[in-house]
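The block underneath contains the structure these notes are about, expressed in structure tokens.
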Amino acid sequence: MRILFIAHYFQPEPNFFVGLPFAKALRDRGHQVQVLTGFPNYPGGKIYDGYKVRFLQRETLDGIPIIRVPLYPSHDRSSVGRILSYISLSLSQAAIGPFAVDKADVAYVSQGPATIGLPSVIHKVFRKIPFVYNIQDLWPDSLLSTGMFNNKLGLKMIHAWCNFIYKRAARIVAISPGVRQTLIERGISPDRIEVIYNWCDDSLIYRGNPDSNLKKQLGMQDKFNIVFAGNMGKAQAMDSVIDAAEIISRTNSNIQFVFIGSGVEVDSLKQKVKQLSLTNVVFHGRKPVSEIGPILRLADVLLVHLRDDPLFRITVPSKTQAYLAIGKPILMGVNGDAADLIKNAQAGICCEPQNPDSIASAVGHLYNMSRADLEQLGANAMNYYDNNLSFKKAVDSYIRVFEQTKK
């Protein structure tokens, strides 16, 4: 097949689910892939060194042809700047793209901002290229949930625009059953919606023996370690986990929470730990990707936690797949699809998000499990990822969807 990627972000920008690894995997299966994208500027909003915004630029990355069209680079706190960036790239992909890309059998569109729908429809109309629309975030739901945008009229307009795009997609890929059900409730035919879970970056998978020197260096020796790795912002609501740590500290000094990463809430979390005089919470800053896997292997339990929000009930946080792949028991503090995934995998225990008593109780239950039972949970996690959520499995599923679309 000839497959066109229409992407808002692409390498050298960090974008795994519509990125270079996926393009190369399709090529290695015998398919031709070309990419229509902008000039790299994410996440800093500055054009990368070696690039300059031009009307059109062609390049090749690892044998994959890339077509870059102009955009207004921005990714700061200004919503105006981001909107200009989204719209400018969308217009460029719609106006220049049809004349620049080769004929394709199917287009693969990974939804970042909803504006990416415009070039998708334009290529369908003028180049007769049907498109598969991958929904990573439901718009306008995600805008409202994060507080980025809350104008009622604007939200209604975005909702209408998204439905317009969804109904013109040949196929839609939803990343969770909840997203699929929401789309069905919004009038999208269930026959056109396929659930394909995201996978994790293979570079994060480390299944070797735990490094005792690293464990000592991080202050994790002789402790039962609950590890959280990733962004700590408002969505993660980690203050509830701190409250759970305080509850646990009253009766058990062997349990320790280890936070790896950064985020806008880190300073306030550290201040809260100080105010509560907690000694069972340790913060380590952001670590290079190459170090994350070995750190996760040191954990007794890996923690996922998000604010209790209706949107997050149909969300599977991306770290879930990495945690499963590592092969450690998981404490899932997210209701809905993410909790169902852990239950189906028999890979851990679920607790109520933003409920310190529930979190503390679940941690205590895991602590009191035998080492053999904990190892079984970890083995279940690894096996479930390999058999159901791996990169190879996802590529197989996407190829099947692309072939159905081509027909």
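Things worth noting here:
- Any hit, region 343-353, residues being touching a residue at least 24 places away in the same chain (Cβ under 8 Å) and within 15 Å of the chain's Cα centre (by Cα): no
Residues are listed down the side, and each one gets a yes or a no for (1) surrounded by 20 or more Cβ atoms within 10 Å (Cβ to Cβ); (2) of a type in the set (Ser, Thr, Tyr); (3) modelled with pLDDT under 95:
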residue: Val282; (1), (2), (3): no, no, no
residue: Pro288; (1), (2), (3): no, no, yes
residue: Ile292; (1), (2), (3): yes, no, yes
residue: Leu302; (1), (2), (3): yes, no, no
residue: Asp308; (1), (2), (3): no, no, yes
residue: Phe312; (1), (2), (3): yes, no, yes
residue: Thr315; (1), (2), (3): yes, yes, yes
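- Annotation: of all residues in region 243-261 being of a type in the set (Val, Ile, Thr) and more than 15 Å from Gly364 (Cα to Cα), the one that is farthest from the chain's Cα centre (by Cα) is Val258.
- All positions within region 255-313 that are farther than 21 Å from Tyr323 by Cα, of a type in the set (S, T, N, Q) and in a loop (DSSP other than H, G, I, E, B): Ser277, Thr279, Asn280
- So Val264, is it within 30 Å of Asn388 (Cβ to Cβ), within 24 Å of the chain's Cα centre (by Cα) and among the β-branched types (Val, Ile, Thr): no
- Of everything in region 17-56 that is over 25 Å from Ser203 (Cα atoms) and among the basic types (Lys, Arg), the residue that is modelled with the lowest pLDDT is Lys46.
- On the stretch given as region 39-67, residues that are surrounded by 15 or more Cβ atoms within 10 Å (Cβ to Cβ), closer than 20 Å to Tyr108 by Cα and either within 21 Å of the chain's Cα centre (by Cα) or among the charged types (D, E, K, R) (or both) total 1.
- Flag for Ala372 being over 21 Å from Leu306 (Cα atoms) and among the hydrophobic types (A, V, I, L, M, F, W, C): yes
- Members of region 76-102 found to be surrounded by fewer than 16 Cβ atoms within 10 Å (Cβ to Cβ) and modelled with pLDDT under 95, listed by number: Asp76, Arg77, Ser78, Ser79, Val80, Gly81, Ile83, Leu84, Ile87
- Yes/no for Ile116 being within 25 Å of Ala235 (Cβ to Cβ) and at pLDDT 95 or above: no
- Members of region 238-288 that are closer than 22 Å to Glu352 by Cα, in contact with a helix residue (DSSP H, G or I) (Cβ under 9 Å, 6 or more places away or on another chain) and among the hydroxyl-bearing types (Ser, Thr, Tyr): Ser240, Thr251
- Some residue of region 282-304 being over 25 Å from Gly219 (Cβ atoms) and in contact (Cβ under 8 Å) with a residue 24 or more places away in the chain: no
- Residue match in region 321-328 (condition: at pLDDT 95 or above, assigned to a helix (DSSP H, G or I) and surrounded by fewer than 19 Cβ atoms within 10 Å (Cβ to Cβ)): no
- Counting the residues of region 190-236 that are among the hydrophobic types (A, V, I, L, M, F, W, C) and free of Cβ contacts under 8 Å to residues at least 24 places away in the same chain gives 2.
The values are calculated or read from the model by the stated rules, or taken from the named source; none is laboratory data. Given the structure is predicted, the values throughout are model-derived calculations rather than measurements. All Cβ positions, even for glycine, are placed from backbone atoms using ideal geometry, and neighbour counts span all protein chains on display.
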